[in-house]
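Scroll down for the structure; my scribbles are underneath it.
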Amino acid sequence: MLSALMHVLHSESLQCYNTLALQAQARALVRVSSAEQLQQALAWAAGRGLAVVPLGEGSNVVFAGDLDALVLRLDTRGIDVLEESGDSVVLRVAAGENWHRFVQWSLRHGFYGLENLALIPGTVGAAPVQNIGAYGVELAPFIRRLHCIEVASGEVCTVLGSACGFGYRDSVFKHERRDRFVITGVEIELSRRGRVQADYPTLAQALADRGIRRLTPQAVFDAVVDIRRTKLPDPEVIPNAGSFFKNPVLDGARARQLATQFPGLPQYPQADGTIKLPAAWLIDYCGWKGHRDDGLGIHPEHALVIVNYGNNRGAALLQLAGRVAASVEDTFGVALEIEPRIYGRSS
Ligand code: FAD
Ligand code: EPU
């Protein structure tokens, strides 16, 4: 039984629920603003044999067709200080909070560490799913634990940060725990000491260009916001999902071989001896940047961003992505992996 305050929308269009503005319908959609409502919604779906899809702001999903599921739009709010000791503070943040607004809140309160992750779209609850990262910082080390509700049982549980299997754009929520939990809150540990991480080359350059000598968290935040505004299209203006592919990670020998074959190919050595290559460079080299056809395209300023100029069909967008990936594979022998989660592909 759903509470009178929760309204199930049937055959609801998802176009305004995803930043690619793709057209698709959900069999049902409900907006939940408390854990109790979420448990009721899970029971409602279970009673009808319906799958559930938790959704934040839809900035990392591709709707390739209709979703035969109950979409749970998480609208929960709240930031609580759980502990303060010495330099450290532990916050519990509701899954539905907007990520960037939370980063702004933490800076305002003198809680530091997340400034490099400014302006990443989406919700706090989705952030651990792919371990968001940018400008030399990933979310993983800040996460103490996650508060979840198990989809099958409706039971409340917690998952320690150390059990999340975080990696580059990766976590257990994309693998063995995929679709099994709805994250309702995230415990994040921040510092009162403003020790900044500003050695990521684009960031270091932007700070130097501004003549900034005193590297404060606010200066890093401002620089990251500026870089992102110049590099990436605003989904409100041109619908997109940010980087469409992950940057491929190769073993050192293979990457060095490619560097000899393709002079100028940037290489980012990783701590484990592997080398990450910029997918944008590979796609750009294949001539895709600025491509535009049939209401879809590759952004003229950034080759890793696929944009929807009005086609609105996820299946067509995936076809374009497939052509891009095939040309990269033909040219470099490197397979690209799609970053956003794809839904509704079979319909
Ligand atoms: P959604 O797209 O709504 O969901 C993504 C996935 O997480 C879905 O599978 C969904 O089911 C699942 N999910 C969502 N909420 C929950 C929950 N509470 N519990 C369980 N599962 C859940 N990402 C980066 O890492 N770095 C970047 O620099 C970056 N830049 C971007 C720039 C642009 C312009 C855009 C459009 C995207 C960018 N992204 C980036 C990707 C995106 O912002 C992140 O993946 C973000 O965390 C997605 O949040 P969301 O609320 O929109 O998630
Ligand atoms: N490049 C090109 N052509 C382009 C764009 C970039 O050749 O059109 C080359 C340049 O050599 C550039 C390099 O690619 O130096 C890397 O580009 P950029 O600095 O823009 O970073 P990225 O590797 O494309 C990654 C993340 C972003 C994150 C930034 C900053 C992935 C898949 N993407 O992008 O995350 O914001 O670094 O840290 O790891 C996202 O996940 O949606 C996202 C935007």
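The values are calculated or read from the model by the stated rules, or taken from the named source; none is laboratory data. As the structure is a computational prediction, the values presented were derived from the model and not from experiment. Note that we place each Cβ from the backbone using ideal geometry, even for glycine, and neighbour counts take in every protein chain shown. To get the accessible areas, we keep the full protein, side chains included, count just its heavy atoms, and leave off ligands, DNA and RNA. Shrake-Rupley method; radii C 1.70, N 1.55, O 1.52, S 1.80 Å.
What about Leu318, is it open to solvent by less than 60 Å² (accessible area, probe 1.4 Å) and either at positive phi or touching a helix residue (DSSP H, G or I) at 6+ places or on another chain (Cβ under 9 Å) (or both)?
Numbers: open to solvent by less than 60 Å² (accessible area, probe 1.4 Å): yes; either at positive phi or touching a helix residue (DSSP H, G or I) at 6+ places or on another chain (Cβ under 9 Å) (or both): no.
No; evaluated as a whole, the condition is false for this residue.
Here is a check on your reading of the model: is Ser88 in contact with a Ser or Thr (Cβ under 7 Å, 6 or more places away or on another chain), polar (S, T, N, Q) and either within 13 Å of ligand 2 (Cβ to nearest atom) or assigned by TED's automatic domain parsing to the domain that holds Gln40 (or both)? Steps first, answer last, please.
On the way: in contact with a Ser or Thr (Cβ under 7 Å, 6 or more places away or on another chain): yes; polar (S, T, N, Q): yes; either within 13 Å of ligand 2 (Cβ to nearest atom) or assigned by TED's automatic domain parsing to the domain that holds Gln40 (or both): no.
No: the conditions fail for Ser88.
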Pick from the range 1-18, criterion open to solvent by less than 30 Å² (accessible area, probe 1.4 Å) and modelled with pLDDT of 95 or more, ranking: farthest from the chain's Cα centre (by Cα): Leu14
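Checking the structure you have, find out if any residue of the range 278-286 is among the acidic types (Asp, Glu), near ligand 2 (Cβ under 9 Å from one of its atoms) and in contact with a helix residue (DSSP H, G or I) (Cβ under 8 Å, 6 or more places away or on another chain). Quick ask: steps written out before the conclusion?
Step one: list which residues in the range 278-286 are among the acidic types (Asp, Glu), which gives 284.
Subset that is near ligand 2 (Cβ under 9 Å from one of its atoms): 284.
Next, from what is left, pick out any that are in contact with a helix residue (DSSP H, G or I) (Cβ under 8 Å, 6 or more places away or on another chain): none.
No: zero hits.
Condition check ((1) basic (Lys, Arg); (2) out of contact with any Cys (no Cβ under 6 Å at 6 or more places or on another chain)) across all residues:
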{"site": "Arg92", "(1), (2)": "yes, yes"}
{"site": "Gly96", "(1), (2)": "no, yes"}
{"site": "Trp105", "(1), (2)": "no, yes"}
{"site": "Glu138", "(1), (2)": "no, yes"}
{"site": "Phe142", "(1), (2)": "no, yes"}
{"site": "Cys148", "(1), (2)": "no, no"}
Hits in the range 237-263 (condition: open to solvent by less than 80 Å² (accessible area, probe 1.4 Å), over 30 Å from Ala21 (Cβ atoms) and either hydroxyl-bearing (Ser, Thr, Tyr) or part of a loop (DSSP other than H, G, I, E, B) (or both)): Phe262
Where a residue in the range 108-129 is under 18 Å from Phe166 (Cα atoms) and its partner, wherever it lies, is open to solvent by 20 Å² or more (accessible area, probe 1.4 Å) and modelled with pLDDT under 95, with Cβ under 8 Å and at least six apart: none
